[in-house]
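Notes to accompany the following structure.
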C-alpha cells in the first residue's frame, strides 16, 4: 500500500517530509484490529456473505489473526505476517479454495461495510478499496 504525504506541512521541503502510511491514517494497530474484527463479524452474521463464510473454518480466530497480521504490514505498519510466516504468497495460499467473481465481490462488500462501520474516512475507504480490489481480483482461481 502506498503512502500519502498530503497531510504534511506545505512549507517543508518535499525531501524532508515524512510520508504518512495508511496504517497511521487508519489509527494504528487497535484500529486495524477493529476493522478486521468487524469484517469477520459481518461475514459470520450476514447471509449475503454465506459463500465467503463457507470458505473459512468453523472458528474464525486464526483467520482474524492472519488478516490482522497481513493488513498491518500491507498498510505500512509492522510486518507481523512476514515475521511469522515469511512472504505472504497470497495467491498460492488461497489456491486450495475456489475463488470466483462471487467470492471476490462478497469479500469486497464485506470489507466495504466493515470500513463504514468502523468509521474510516470516506477518502481513505475509497483508496483502500481500489487497492484491495486489485488483490482480490488477482485471487480469483476459477472462471465463474
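What follows draws every value from the coordinates through simple rules; no lab data is involved. These numbers come from a predicted model, not from an experiment.
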Taking square-rooted eigenvalues a ≥ b ≥ c of the alpha carbon gyration tensor, is the chain rounded, prolate or oblate, where a/c under 1.5 means rounded and, failing that, a/b exceeding b/c means prolate? prolate
Between the Cα axis of helix 101-117 and the main Cα principal axis of the chain, the angle (0 to 90°, nearest 10) is 50 degrees
To the nearest 10 degrees, the tilt of helix 29-45 (Cα long axis) against the first principal axis of the alpha carbons of the chain is 20 degrees
Helix axis angle, 122-138 relative to the chain longest principal axis, alpha carbon, degrees: 50 degrees
